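Reading through the structure tokens given below for one structure.
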Amino acid sequence: MGTTRETRDLSAHCAPHLHAAAMAAIPNARHIEWFHGHVRIESMLFDGVLGPFGGAVRPREDAPGLGLEFRPPDTEARRVT
């Protein structure tokens, strides 16, 4: 017997701050991978990144959308042309 979309656990890979809200919205979320390199890069590019507390990441309730704000001035030095 095969599994259905509703019964499969889903995992988020890469960009944990961008995936937090989507994963919180689905009942079959399993985990969000929390790689230091990805977290470091997102922290350099965005304000409003999340912190893991007690092994969990929760979307912000005090900001619209993903709760992230892009910081263009901080990214200019990393621009690839």
Give me the residue from region 10-21 that is in contact with a Phe, Trp or Tyr (Cβ under 9 Å, 6 or more places away or on another chain) and under 15 Å from Phe53 (Cα atoms) and, out of that set, surrounded by the most Cβ atoms within 10 Å (Cβ to Cβ). His17
Residue check, Leu50 against (1) modelled with pLDDT of 90 or more; (2) open to solvent by 50 Å² or more (accessible area, probe 1.4 Å); (3) out of contact with any strand residue (DSSP E or B) (no Cβ under 8 Å at 6 or more places or on another chain), all met but one. Which one? (2)
Restricting attention to region 53-81, report how many residues are modelled with pLDDT of 85 or more and surrounded by 10 or more Cβ atoms within 10 Å (Cβ to Cβ). 13
Which residue out of His19, His38 is part of a helix (DSSP H, G or I) and touching a residue at least 24 places away in the same chain (Cβ under 8 Å)? His38
Which residues, counting only those in region 53-81, are closer than 21 Å to His13 by Cβ and either touching a strand residue (DSSP E or B) at 6+ places or on another chain (Cβ under 8 Å) or of a type in the set (S, T, N, Q) (or both)? Val57, Leu68
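Rundown of residues vs (1) within 27 Å of Arg71 (Cα to Cα); (2) open to solvent by less than 90 Å² (accessible area, probe 1.4 Å); (3) at pLDDT below 90, yes/no style:
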site: Gly2; (1), (2), (3): no, yes, yes
site: Arg8; (1), (2), (3): no, no, yes
site: Met23; (1), (2), (3): yes, yes, no
site: Glu33; (1), (2), (3): yes, yes, no
site: His36; (1), (2), (3): yes, no, yes
site: Arg40; (1), (2), (3): yes, no, no
Which members of region 38-70 meet the condition of being in contact with a Lys or Arg (Cβ under 9 Å, 6 or more places away or on another chain) and under 17 Å from Ala22 (Cβ atoms)? Phe46, Gly48, Leu50, Leu66, Gly67, Leu68
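The values are calculated or read from the model by the stated rules, or taken from the named source; none is laboratory data. No experiment lies behind these values; they were computed from the predicted model shown. Note that we place each Cβ from the backbone using ideal geometry, even for glycine, and neighbour counts take in every protein chain shown. What goes into the accessible areas is simple: the full protein's heavy atoms, side chains included, and nothing from ligands, DNA or RNA. Shrake-Rupley method; radii C 1.70, N 1.55, O 1.52, S 1.80 Å.
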